[in-house]
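Q: First the structure, then my questions, so here it is.
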Amino acid sequence: MKKAFCVGINDYPGTANDLKGCVNDATDWAALLEYSGFEVEKITNSQATRQKILNTLASLVTNAVAGDEIVFTYSGHGTSVYDIGGDEPDAYDEALYVYDGLLVDDELRSIFQKVKPGVHVVVISDSCFSGTVTRAFITASSKPRYIKTHDIPPTAKLKRHLLAEEDMIEILLTGCSDSEYSYDAYLNGRWNGAMTAYATSVIRKGQTYKEFYQKVRDLLPSGQYPQTPQLEGSAANKNRVVFAANTEPLPKPDPEPEETTIWDWLKKYWWVILIIIAVAVIWWSILK
């Protein structure tokens with residue numbers, strides 16, 4: 001069994017929080033995974049509720065057996081919240097900011113820890129998890145995927161690495177480090193996450209995750225997108241062949257059509273107008 005679950009959220013309650021490239025991310029990963037032989041479920045925007053995501057992930061994990069492969073991709077806002085486990089009063093957790101609330105990293109960990117031996121799990125997250133949004137730059141072609149919930153004190157400790165990489169069940173590819181932002185980016189005529197756009201352009205058949213990651217790191221961070229993708233997992237998992245092992249790279253989808261004005265049409269088809277005028281003049285001369 002090869003199953004994937006792709007989530008992309010552009011439309012958040014409150015227009016100030018909206019993004020532009022996350023649904024494209026989910027669509028691109030879903031297309032690549034389907035091409036690679038996966039059965040894919042994709043949800044976007046208001047479909048991507050806490051309960052839906054938790055239930056779907058739990059079902060994937062419960063039904064997977066040795067030899068199966070599960071992929072979870074998430075594109076949307078990320079944030080940081082005070083530690084809900086109470087282990088340390090000055091610690092905080094990373095969280096996915098889904099359509100109707102938060103999915104804390106501890107909740108995802110509790111699901112993936114139930115994976116049966118021999119099941120391969122890949123998690124791809126193109127979102128931010130820490131920092132202060134006022135420190136990020138926003139331009140016409142980029143926006144950080146981060147929602148601020150509250151101020152994190154400078155003394156806070158990040159509770160991210162609860163497991164050593166060698167003890168991780170899954171392999172995790174993120175859009176940035178734990179102190180950076182992942183950006184919504186306008187690239188090649190359409191909006192995407194910067195990491196997703198570059199990752200889907202360099203993935204090739206036969207690559208290991210380690211080789212694939214190196215190709216991504218050749219492109220990020222960049223001057224325009226100062227984010228450092230991370231690859232976490234055991235050495236054995238990093239040396240596995242990526243899920244696209246039996247495919248050629250997919251061509252990027254065509255850019256979404258832009259709204260066309262009458263002036264744009266006239267500039268493009270001026271010769272048609274000249275022909276119509278010439279025919280009309282000739283016809284009028286004949287009738288006369």
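Q: Examine region 191-203 for a residue that is in a loop (DSSP other than H, G, I, E, B) and exposed (fewer than 15 other Cβ atoms within 10 Å of the Cβ), and state whether such a residue exists.
A: Filtering region 191-203 for residues in a loop (DSSP other than H, G, I, E, B) gives 203.
Pick out the ones that are also exposed (fewer than 15 other Cβ atoms within 10 Å of the Cβ) and you get none.
No, the conditions are met nowhere in region 191-203.
Q: Which one of the conditions (1) surrounded by fewer than 18 Cβ atoms within 10 Å (Cβ to Cβ); (2) at pLDDT below 75; (3) over 14 Å from G76 (Cα atoms) does I152 fail to meet, given that it meets all the rest?
A: (1)
Q: Working carefully through the options E41, E107, find the one that is among the charged types (D, E, K, R), within 25 Å of Y183 (Cα to Cα), surrounded by fewer than 20 Cβ atoms within 10 Å (Cβ to Cβ) and modelled with pLDDT under 95.
A: On the way: E41 fails: modelled with pLDDT under 95.
Result: E107 is the single residue among E41, E107 that is among the charged types (D, E, K, R), within 25 Å of Y183 (Cα to Cα), surrounded by fewer than 20 Cβ atoms within 10 Å (Cβ to Cβ) and modelled with pLDDT under 95.
Q: Look at V61 and say whether it is of a type outside the set (S, T, Y) and out of contact with any Lys or Arg (no Cβ under 6 Å at 6 or more places or on another chain). Please lay out each step first, then the result.
A: Values: of a type outside the set (S, T, Y): yes; out of contact with any Lys or Arg (no Cβ under 6 Å at 6 or more places or on another chain): no.
Spelling it out, it is not the case that V61 is of a type outside the set (S, T, Y) and out of contact with any Lys or Arg (no Cβ under 6 Å at 6 or more places or on another chain).
Q: Restricting attention to region 172-191, does a residue exist that is of a type in the set (F, W, Y), assigned by TED's automatic domain parsing to the domain that holds I124 and touching a Ser or Thr at 6+ places or on another chain (Cβ under 8 Å)? If you could, list the steps in order and put the result at the bottom.
A: Residues of region 172-191 of a type in the set (F, W, Y): 181, 183, 186, 191.
Narrowing the set further to residues that are assigned by TED's automatic domain parsing to the domain that holds I124 leaves 181, 183, 186, 191.
Applying the additional criterion that residues be touching a Ser or Thr at 6+ places or on another chain (Cβ under 8 Å) yields 183, 186.
Yes, region 172-191 contains a residue that is of a type in the set (F, W, Y), assigned by TED's automatic domain parsing to the domain that holds I124 and touching a Ser or Thr at 6+ places or on another chain (Cβ under 8 Å).
Q: Collect the residues in region 37-81 that are under 18 Å from the mean Cα position of the chain (by Cα) and part of a loop (DSSP other than H, G, I, E, B), keeping them in residue-number order.
A: F38, A48, T49, G76
Q: Moving to a separate point now. I need a count of the residues in region 243-265 that are more than 17 Å from the chain's Cα centre (by Cα) and either at pLDDT 90 or above or aliphatic (A, V, I, L, M) (or both).
A: Going through region 243-265 one residue at a time, the tally reaches 2.
The values are calculated or read from the model by the stated rules, or taken from the named source; none is laboratory data. Note that the structure is a prediction, hence the values are computed from the model and not measured. For neighbour counting, all protein chains shown are included, and Cβ atoms are generated from backbone atoms with ideal geometry for every residue, glycine included.
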